[in-house]
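Participant: Encoded as C-alpha cells, here's the structure I'll be asking about.
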Amino acid sequence: MTATTHHAIRERIRARIKAGEYPLGTRIPGEAEFAASFGCSRTTVNRALRALADEGIVERRRKGGTRVRPLPVPQAQLTIPLVREQVEATGRRYSHRVVVRGTASTDAAARRRMRLGDDVPLMHLETLHLADEQPFAFERRWVNLWAVPAFASADLSVLSANEWLVREVPFSSGEVSLSAAAASEQVAAVLRVEPGAALFTLDRTTWLDEAAITTMTLSYRPPYTLDFAI
C-alpha cells in the first residue's frame, strides 16, 4: 500500500535515517523527489519534514534544503498517563466502571480524528473513573479493532481501557488537545456537576506507524490540576 499521509511519510523517512541511508549531517532529497518517490503531494512531504524538524531529527534551511542533524536535538517526551496513578497520587483509592461498551456506535468526529472510513470496526466505550468511589473523570473512547483485534474480548473488570492499551499496545505518534469544555447534561450527570460547568478536557489520538489505534476524550471533575514532568 502506498503511504499517502504525512504520518506515514514521516515514519518512512525516519526509518531511512535510522537505517543509515541518509547519514548524519548529509542532505536528504527535496520535497519534489520525495513526492514522486512516495506517490504523494509535496504538501504531504512538507508536513512530514516539518514534523521531523520539530523533533530535532532534521534541520531545514531556506534555499539550503533539508539535512539530517549531525547530533539530533534532545526533545521532551510525554508519556500517556494512567488515570489510576493520577488518583492514587492524591492518596485516594482508584476504581472504574464501564458504563457503555459496544461496536454498534458510530461517531463521525472520532472517525475523522482517526482518519478511518465507515468500514473499519470500532469499539466504543464510556468509562467512569472513581476516586474513593466518587467521580474523578469520565472517558469516551473509540478503538480501531482492525489494529487491536484483541481489545474486542479484553477483560476490563480490573484494568481500565486506558491502562490495558498503555500496557498492551505500543504507539509511535499521537495528537493531544487540552481545553476547557462545558459539561453536557449527560457528562454533568455522571460527574455530578452542574450542566455547563467548565471541565478540564483532554482529547488524544494515537497511531502505530500508519494505523490509528484509539481516540478518546477525558473530562475531569473539578477541581483538577494537570501535573507532568518534561
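The values are calculated or read from the model by the stated rules, or taken from the named source; none is laboratory data. Only a predicted model underlies this, so the values are computations on that prediction, with no experimental measurement involved. Note that we place each Cβ from the backbone using ideal geometry, even for glycine, and neighbour counts take in every protein chain shown.
Participant: Name the single residue, out of those in the stretch 127-168 being part of a loop (DSSP other than H, G, I, E, B) and of a type in the set (D, E, K, R), that is nearest to Thr79 (Cα to Cα).
Facilitator: Step one: list which residues in the stretch 127-168 are part of a loop (DSSP other than H, G, I, E, B), which gives 132-133, 145-148, 154-160.
Still in the list and also of a type in the set (D, E, K, R): 132-133, 155.
Details: Asp132: 25, Glu133: 26, Asp155: 23 Å.
Only one residue tops the list, namely Asp155.
Participant: Let me ask you something else. Mind telling me which of the residues Val193, Val176, Val143, Val148 ends up being in contact with a helix residue (DSSP H, G or I) (Cβ under 6 Å, 6 or more places away or on another chain) and not acidic (Asp, Glu)? So that I can check it myself, show each step before the final result.
Facilitator: Details: Val193 fails: in contact with a helix residue (DSSP H, G or I) (Cβ under 6 Å, 6 or more places away or on another chain); Val176 fails: in contact with a helix residue (DSSP H, G or I) (Cβ under 6 Å, 6 or more places away or on another chain); Val148 fails: in contact with a helix residue (DSSP H, G or I) (Cβ under 6 Å, 6 or more places away or on another chain).
Answer to the check: Val143.
Participant: Follow-up. Looking at the stretch 196-230, which of its residues are in a loop (DSSP other than H, G, I, E, B) and either of a type outside the set (Phe, Trp, Tyr) or at positive phi (or both)? It would help to see each step written out before you state the result.
Facilitator: The first filter runs over the stretch 196-230 and keeps only residues in a loop (DSSP other than H, G, I, E, B), leaving 196-197, 209-210, 221-230.
Residues satisfying the conditions are Gly196, Ala197, Asp209, Glu210, Arg221, Pro222, Pro223, Thr225, Leu226, Asp227, Ala229, Ile230.
Participant: When the residues of the stretch 198-218 are narrowed to those that are buried (at least 17 other Cβ atoms within 10 Å of the Cβ) and over 17 Å from the mean Cα position of the chain (by Cα), which ends up nearest to Leu82 (Cα to Cα)?
Facilitator: Phe200
Participant: Also, I was wondering about something else. Search the stretch 175-204 for residues that are closer than 27 Å to Glu55 by Cβ and pair each with any residue that is part of a helix (DSSP H, G or I) when their beta-carbon atoms are under 8 Å apart and the residues are at least 6 apart or on different chains.
Facilitator: From residues that are closer than 27 Å to Glu55 by Cβ, the pairs are Glu175/Arg113; Asp203/Arg113.
Residues checked against (1) touching a residue at least 40 places away in the same chain (Cβ under 8 Å); (2) surrounded by 20 or more Cβ atoms within 10 Å (Cβ to Cβ); (3) within 14 Å of the chain's Cα centre (by Cα); (4) closer than 22 Å to Val87 by Cβ:
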site	(1), (2), (3), (4)
Asp132	yes, no, no, yes
Trp142	yes, yes, yes, no
Asp155	no, no, no, yes
Val158	no, no, no, yes
Pro170	no, no, yes, no
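Participant: Output the residue which, of all residues in the stretch 219-230 that are of a type in the set (Ser, Thr, Tyr) and modelled with pLDDT under 95, is surrounded by the fewest Cβ atoms within 10 Å (Cβ to Cβ). Please lay out each step first, then the result.
Facilitator: Step one: list which residues in the stretch 219-230 are of a type in the set (Ser, Thr, Tyr), which gives 219-220, 224-225.
After this cut, where a residue has to be modelled with pLDDT under 95 as well, the list is 224-225.
On the way: Tyr224: 12, Thr225: 8.
If we take residues in the stretch 219-230 being of a type in the set (Ser, Thr, Tyr) and modelled with pLDDT under 95, then Thr225 is surrounded by the fewest Cβ atoms within 10 Å (Cβ to Cβ).
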